[in-house]
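What follows is a short report on a single structure.
The values are calculated or read from the model by the stated rules, or taken from the named source; none is laboratory data. Predicted, not measured: the structure shown is a model, and the values here were computed from it. Reconstructed Cβ throughout: ideal geometry from the backbone, glycine too, with neighbour counts over all protein chains shown.
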Amino acid sequence: MITVHARATDAAGAPFHPASIERRALGPRDVLIDIAFAGICHSDIHTARGEWGAVRYPLVPGHEIAGTVAAIGTEVESFAVGDRIGVGCFVDSCRRCVNCLAGEEQYCRNGATFTYNSIGRDGQPTSGGYCDRFVVDERYALHLPEALPLEATAPLLCAGITMYSPLRRWGAGAGRKVAIVGMGGLGHMGVKIAHAMGAEVTVLSHSLTKRQDGRRLGASHYAATSDPSTFEELAHSQDLIVSTLSAHVELEPYLGLLALDGAYVNVGLPEVPVLVDTTSLGRSRVAVSGSMIGGIRETQEMLDFCGAHGIGAEVEVIGAGDIDKAYDRVVASDVRYRFVIDASTFA
């Protein structure tokens with residue numbers, strides 16, 4: 001076993017504290033990672049605070065992991081010691097169902113093994129990236145682009161792929177108009193990626209407070225959803241809307257923004273069901289869908305794309321002792337746009 005330094009929480013709402021956890025010894029295809037940075041995702045907060053159902057405490061969250069390879073198993077082929085390496089939201093899957101074979105492991109029919117608060121093949125709970133070292137099967141690790149700083153790369157492993165996947169699948173590109181709803185950790189990545197794909201990007205945010213940032217990151221237009229005239233002025237104009245909102249939202253006004261055959265894709269996780277008026281769907285033959293991260297193949301594609309276009313997250317680096325404060329600030333929307341923990345402070 002490999003002992004690592006971590007930060008854990010013991011109950012919903014309990015503060016994070018230093019902890020020692022055990023990682024498995026390296027198997028033939030395992031890679032040992034020296035973590036450099038671990039991003040803080042809002043999913044970490046929901047899970048740590050017991051807002052998404054059962055939690056296996058003590059909990060070590062973190063699924064935006066960036067670092068370098070420290071050691072490799074005897075049969076590892078795709079990584080060498082010293083390589084830049086990342087781990088995202090899951091660390092295993094059944095490898096045999098139709099979705100896994102298609103490279104869509106996140107939709108594993110038998111249940112993907114998530115990076116934390118899951119049960120691994122060894123029957124033990126998984127622990128995430130709020131620590132200084134990590135062990136993962138090479139088949140569930142990613143090559144990180146040399147062109148990007150590791151601290152700006154870590155959030156790509158969740159926020160980046162969460163936005164890239166629907167943008168790619170629904171054809172964001174030249175000649176297409178794409179609206180990003182919400183200008184936070186996910187939304188700011190969506191603006192950057194959609195712009196790099198060649199789309200004309202509009203940000204739909206509750207207010208105009210982040211308009212300057214939106215324009216700087218690639219948005220051609222920035223509109224406030226709190227202003228009723230926004231929905232009149234943009235009616236039937238968008239080919240794709242990607243919503244990052246986790247709060248309840250009335251879909252009808254947004255569906256009215258879609259052009260013929262447009263799509264509204266939700267990547268946020270509202271806590272209550274969202275109602276859809278099917279009349280609105282037929283009026284312009286629009287689609288309502290959802291998306292969840294991406295498989296290993298697509299995540300690597302996203303990382304290569306971001307490396308080629310110089311796209312990293314806008315981050316604020318913190319020490320391990322500031323996790324609780326960072327959580328409160330995320331909930332208060334007081335970060336632009338992603339907190340990243342310096343893993344050297346876990347020791």
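Listed here are the residues, each with its yes/no results for (1) touching a Leu at 6+ places or on another chain (Cβ under 7 Å); (2) among the aliphatic types (A, V, I, L, M).
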residue: Ser280; (1), (2): yes, no
residue: Arg285; (1), (2): yes, no
residue: Ser289; (1), (2): no, no
residue: Glu298; (1), (2): no, no
residue: Ile318; (1), (2): no, yes
residue: Ile323; (1), (2): no, yes
residue: Ala347; (1), (2): no, yes
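Pairs are defined by a Cβ separation below 9 Å, a sequence spacing of at least 6 or placement on different chains, a first member in region 227-247 that is outside the structural domain of Arg285 (by TED's automatic domain parsing) and within 22 Å of Val267 (Cα to Cα), and a second member that is surrounded by 13 or more Cβ atoms within 10 Å (Cβ to Cβ) and among the charged types (D, E, K, R); no pair meets this definition. Taking region 301-344 as the range and being hydroxyl-bearing (Ser, Thr, Tyr) and either out of contact with any helix residue (DSSP H, G or I) (no Cβ under 6 Å at 6 or more places or on another chain) or assigned to a helix (DSSP H, G or I) (or both) as the test, the residues that pass are Tyr327, Ser333, Ser344. Of all residues in region 268-295, those that are among the β-branched types (Val, Ile, Thr) and touching a strand residue (DSSP E or B) at 6+ places or on another chain (Cβ under 9 Å) total 5. The one condition from (1) in contact with a helix residue (DSSP H, G or I) (Cβ under 9 Å, 6 or more places away or on another chain); (2) closer than 25 Å to Asp44 by Cα that Ala223 does not meet is (2).
Inspect all residues belonging to region 23-44 and state whether any of them is assigned to a loop (DSSP other than H, G, I, E, B) and under 22 Å from Gly160 (Cβ atoms). Break it down into steps so the answer makes sense when it comes.
Looking only at region 23-44, we keep the residues that are assigned to a loop (DSSP other than H, G, I, E, B), and these are 24-29, 40-41.
If we keep only those that are under 22 Å from Gly160 (Cβ atoms) as well, we get 40-41.
There is at least one residue in region 23-44 that is assigned to a loop (DSSP other than H, G, I, E, B) and under 22 Å from Gly160 (Cβ atoms).
All conditions but one from (1) of a type outside the set (A, V, I, L, M, F, W, C); (2) under 20 Å from the mean Cα position of the chain (by Cα); (3) over 19 Å from Ala141 (Cα atoms) apply to Arg56; the one that does not is (2).
Taking Val91, is it part of a strand (DSSP E or B), in the same structural domain as His17 (by TED's automatic domain parsing), surrounded by 15 or more Cβ atoms within 10 Å (Cβ to Cβ) and of a type in the set (Val, Ile, Thr)? Even if it seems obvious, please write down each step before you answer.
Numbers: part of a strand (DSSP E or B): yes; in the same structural domain as His17 (by TED's automatic domain parsing): yes; surrounded by 15 or more Cβ atoms within 10 Å (Cβ to Cβ): yes; of a type in the set (Val, Ile, Thr): yes.
Considered against the rule, which asks whether it is part of a strand (DSSP E or B), in the same structural domain as His17 (by TED's automatic domain parsing), surrounded by 15 or more Cβ atoms within 10 Å (Cβ to Cβ) and of a type in the set (Val, Ile, Thr), Val91 comes out as yes.
Quick check, is Asp261 closer than 21 Å to Val191 by Cα, of a type in the set (D, E, K, R) and in a strand (DSSP E or B)? The answer is no for Asp261.
Which residue is nearest to Val317 (Cα to Cα), if the candidates are limited to region 143-166 and must be more than 14 Å from the chain's Cα centre (by Cα) and either acidic (Asp, Glu) or crowded, with 24+ Cβ neighbours inside 10 Å (or both)? Out of the qualifying residues, it is Glu151. Selection of region 251-296 for residues being under 22 Å from Thr202 (Cα atoms) and small (Gly, Ala, Ser) yields Gly256, Ala259, Gly262, Ala263, Gly268, Ser280, Ser284, Ala287, Ser289, Gly290, Ser291.
Which of the residues that make up region 115-132 are surrounded by 21 or more Cβ atoms within 10 Å (Cβ to Cβ) and not hydroxyl-bearing (Ser, Thr, Tyr)? Before the answer, list the steps.
Quick first cut of region 115-132, residues surrounded by 21 or more Cβ atoms within 10 Å (Cβ to Cβ) only: 115-117, 127-131.
Hits for region 115-132 are Asn117, Gly128, Gly129, Cys131.
Any chance region 287-301 includes a residue that's of a type in the set (Lys, Arg) and within 26 Å of Asp213 (Cα to Cα)? Give the derivation first.
Initial filter on region 287-301 (of a type in the set (Lys, Arg)): 297.
From what is left, the residues that are within 26 Å of Asp213 (Cα to Cα) are none.
Within region 287-301 (the criterion being of a type in the set (Lys, Arg) and within 26 Å of Asp213 (Cα to Cα)), the answer is no, since none of the residues qualifies.
Please count how many residues of region 182-202 are in a loop (DSSP other than H, G, I, E, B) and under 19 Å from Cys158 (Cα atoms). Spell out the reasoning first.
Within region 182-202, the first condition is being in a loop (DSSP other than H, G, I, E, B), and the residues that meet it are 182-184, 198-199.
The next check asks that each one be under 19 Å from Cys158 (Cα atoms); those that pass are 182-184.
Here the count works out to 3.
Could you go through region 197-219 and let me know if any residue there is acidic (Asp, Glu) and over 23 Å from Gly88 (Cβ atoms). Yes; the residues of region 197-219 include at least one that is acidic (Asp, Glu) and over 23 Å from Gly88 (Cβ atoms).
Determine which member of the set Ala179, Ala219 is part of a loop (DSSP other than H, G, I, E, B), assigned by TED's automatic domain parsing to the domain that holds Ala247, buried (at least 22 other Cβ atoms within 10 Å of the Cβ) and modelled with pLDDT of 95 or more.
Numbers: Ala179 fails: part of a loop (DSSP other than H, G, I, E, B).
Exactly one of Ala179, Ala219 is part of a loop (DSSP other than H, G, I, E, B), assigned by TED's automatic domain parsing to the domain that holds Ala247, buried (at least 22 other Cβ atoms within 10 Å of the Cβ) and modelled with pLDDT of 95 or more, namely Ala219.
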